[in-house]
Every structure is written in C-alpha cells, then in structure tokens.
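Colleague: Take this structure, written in structure tokens, and hold onto it; I'll ask about it next.
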Amino acid sequence: MNDLKARLDALRGSEERRKLNARGLAALTANPGCQRRSVLDAAGIDKQMLGSALGFAMSADQSQFALTRGTAFEAQVKANGCAQLLTLLREVLGLPLAEVSYDDLETVGGNASPSARHRHTVRLLTQAGSLAEDAGTLFDHPLLELVVAGYPVYLEPDLIAFRFKGQFYIVEIKSFAVVDGQAPAASVAAAELQAAVYVHAMRELLRSRGLDEQLVAPEVVLVCPKDFSNRPTAVKVNITNHLNAVRRQLSRMQGLDAIVAMMPTGATLDRWRDRNRLDPRPAEELKRTLRTVDARYVPQCLSTCEMAKFCRSEERGSTAALGRQVREELGGLESVSEVVGLATGARVPADDQAEQARLLRLAHSYRIAFLGGAA
C-alpha cells in the first residue's frame, strides 16, 4: 500500500491533494468500470482543473444556489435541537420517545480538527452501541472515516439518528423537492448511494470496536421539502443494493496498485513542470498520460464527473457515447458508422451480425416510412 501511495503522490505531483468525500465515492460506485476516475480520485487530483488544462473545462458539479438552498433547509430541519426532524422520525420510525438528547459533534471543546472530531465520534458511537438499551441521542455532524488507497477519507453524514430497536439510522437531508409524493429519480438514487457510503463507514467503525455491524440499519431516512414549500417530509428507504455496490467498489479500489503499475514510470498529471508554476505542462503530454488508464464513458458522466467532456471526446463516433442501454441493444457494435452501414445496407454484415443487420434494416425502413420517404 505504501508503494501505491507513493505512485499516486507522484502522479499528482506538486498539485494540492483534493480530498475524496462521500459524494465522490458514490459517483465512483455509480460507474464502477471507470479505472481512470478511480485512479484520479485516489490520487486526489483536481479533475476540474485538469479538465481545464486539457481544453475540456466543465462547470462545478453543484451550483452555489443549490448549495445555499440545501444549507438553509438543513438548518431549518435541525433548528431548536432538531425539533422538526424529531417529529418526522416519530412518524417514520414510530418512535415512542417524547424527548431525546442531542450531541453536536461539529467541534470538540472548540477543536474542529478532523482527527479530534473523528475520535470523539468513535467514542460516542461506541458507547451508544455498547448499551443494552436504546440510546436516545441525536448525533449531529458526526465524522466517520474510511481508508481508500492508503489515504484516510473523512465522511460527514447529515445526522446519525439515535439507536432505536437495536439499530442506528443514518439520516440524509436533501433540498430536492418531493412533489405529489414523487421526487426526481436521479436525485433519489444519488442520495441513496451517498447514504450507503455512510452506512458502510459506520458499520466499519462498529466492527473495528468489536461490535455487530448490523447495529446500523440497512435503511436510511431521507428528509426533503414537500411540494413547493419548505415544509419537510421524510421517508425510510432500503439501500441494501447500494450498500453492496459500495463494498464492491471499495474492494476494487484495493486493486489499484495493478492499474497504476501499468502506467509509464515517472508518469505525472502535474499541470506544471516547475515549482514556481511558470512552465505549464503541454496538454498533449497530459492526454498521453491519461490515455494509459482505461476510461468508461457513459452520458451520465456529464452530471457526475469533471472529466466527462474529455472522455466523451475520446468516444466520439463510438456507440459507448450513446449509453449502456443503447450499446447493449446494439449487441456490442463498437462504432456508429458500423451501425449506420448495417442499417442502410451499405455494409456487408459478418456471419455473426446477420440478425443484428436484419433488425437494424427493419428499424431503418420504419424510420423512412415514418418520415414520409425521407432517407
């Protein structure tokens, strides 16, 4: 692991290390086949800055307006010792408790360092997990930790609800609205995947202290604004499948040494050749280094990864750029030109492409008929 860490440090060069977080781990899990993102995130490389240096700049993944709105909504839900949240938890979990205690772990006696907060979180959660009876405490701003590719990654859930009926519950507060009982599917999936990262981290914490990881429920509570107001609503969702995906992805991250070992000796993605940052490294040199690590571009990357435009440019003309579902329905055909050729009859199909060609020609004939004879 020390060798891997040294290679990743060399790959980052003089650039400041960008810390990985739950959002990043969730995005990795959503596209587990992308070795390129795994390496860049493990090395702590700023993908937005790298994309700009390559000529494929992308805007920040979250707007300032969305961040401000989310912060305001979370503050509202947590106001007065989490009064609104406690009401929601009584409804969703069927809590019989009239009152609970509240621990804010954002600082420890005025010390806001990650290490102090993490130690404090470990102590309190271990104590609560060791009690014979349920611990009626809301843990706000807890700081969990996972080790990824040799680096500690600190994770901060919105809140860990108290232990109830023998289990802890992770609570995630999100600012996307639930309108008429429906929420944006992509937003919900992202929230569930991020919550799964927290559940896994807390289970690892308890297991490291000799406690049963099943003390952390495989269900999480999502809190969102209801309809077009700021009135919060909550729902309990099962994230078992997401939790399994997170575990698989973290297991893959342990195999990064084999991927990094295949990169050229001395490979670096440092944007500068000199310490004074006066001599920028040519974009083509950075691109050559990047292309030694396989990427797996899908259209969804545009909303989750700052390198998406560069990776999309590599897939131009490829069916991969159209998404997994389209590529699978095309039976593994690699290029758009090949698909068009088979559909129009301009390309003679190989023996194993006869059925695909028949279906593509049929779809093409339907398209022509629909367009009134236009080719």
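Colleague: State which residue is nearest to the chain's Cα centre (by Cα) when the search covers only segment 265-279 and only residues that are of a type in the set (A, V, I, L, M, F, W, C) and open to solvent by less than 90 Å² (accessible area, probe 1.4 Å). Explain how you work it out, then say what you get.
Modeller: Step one: list which residues in segment 265-279 are of a type in the set (A, V, I, L, M, F, W, C), which gives 267, 269, 272, 278.
From the residues that got through so far, the ones that are open to solvent by less than 90 Å² (accessible area, probe 1.4 Å) too are 267, 269, 272.
On the way: 267: 26, 269: 22, 272: 29 Å.
Residue satisfying both the conditions and the ranking: 269.
Colleague: Could you tell me which numbered condition residue 7 fails, if it satisfies all but one of (1) open to solvent by 30 Å² or more (accessible area, probe 1.4 Å); (2) on the phi > 0 side of the Ramachandran plot?
Modeller: (2)
Colleague: A further question on this structure: Just for segment 184-211: of the residues that are free of Cβ contacts under 8 Å to residues at least 60 places away in the same chain, within 22 Å of residue 119 (Cα to Cα) and out of contact with any strand residue (DSSP E or B) (no Cβ under 8 Å at 6 or more places or on another chain), which one is surrounded by the fewest Cβ atoms within 10 Å (Cβ to Cβ)?
Modeller: 210
Colleague: Is at least one residue of segment 337-346 in a helix (DSSP H, G or I), at pLDDT 85 or above and open to solvent by less than 60 Å² (accessible area, probe 1.4 Å)? Can you show your working first?
Modeller: Going through segment 337-346, the residues in a helix (DSSP H, G or I) turn out to be 337-344.
Checking which are at pLDDT 85 or above leaves us with none.
Taking every residue of segment 337-346 in turn, none turns out to be in a helix (DSSP H, G or I), at pLDDT 85 or above and open to solvent by less than 60 Å² (accessible area, probe 1.4 Å).
Colleague: Shifting gears a bit: Just checking, which of 11, 85, 20 is assigned to a helix (DSSP H, G or I), within 30 Å of residue 221 (Cα to Cα) and of a type in the set (A, V, I, L, M)?
Modeller: 85
Colleague: Something else about it: Considering segment 160-183 alone, what residues qualify as being in contact with a strand residue (DSSP E or B) (Cβ under 6 Å, 6 or more places away or on another chain), part of a strand (DSSP E or B) and modelled with pLDDT of 90 or more?
Modeller: 168, 169, 170, 171, 172, 173, 178
Colleague: Can I ask one more? Would you be able to tell me the number of residues in segment 122-139 that are at pLDDT 90 or above, of a type in the set (D, E, K, R) and surrounded by 15 or more Cβ atoms within 10 Å (Cβ to Cβ)?
Modeller: 0
Colleague: Tell me which residues, restricted to segment 37-69, are farther than 19 Å from residue 313 by Cα, open to solvent by 20 Å² or more (accessible area, probe 1.4 Å), part of a helix (DSSP H, G or I) and not charged (D, E, K, R).
Modeller: 64, 65, 66, 67, 68
The values are calculated or read from the model by the stated rules, or taken from the named source; none is laboratory data. Because the structure is predicted, anything quoted here is derived from the model rather than measured. As a convention, Cβ positions derive from the backbone with ideal geometry for all residues, glycine included, and neighbour counts pool all protein chains shown. The protein model used for the area step is the full one, side chains on, heavy atoms only, and it has no ligands, DNA or RNA in it. Shrake-Rupley method; radii C 1.70, N 1.55, O 1.52, S 1.80 Å.
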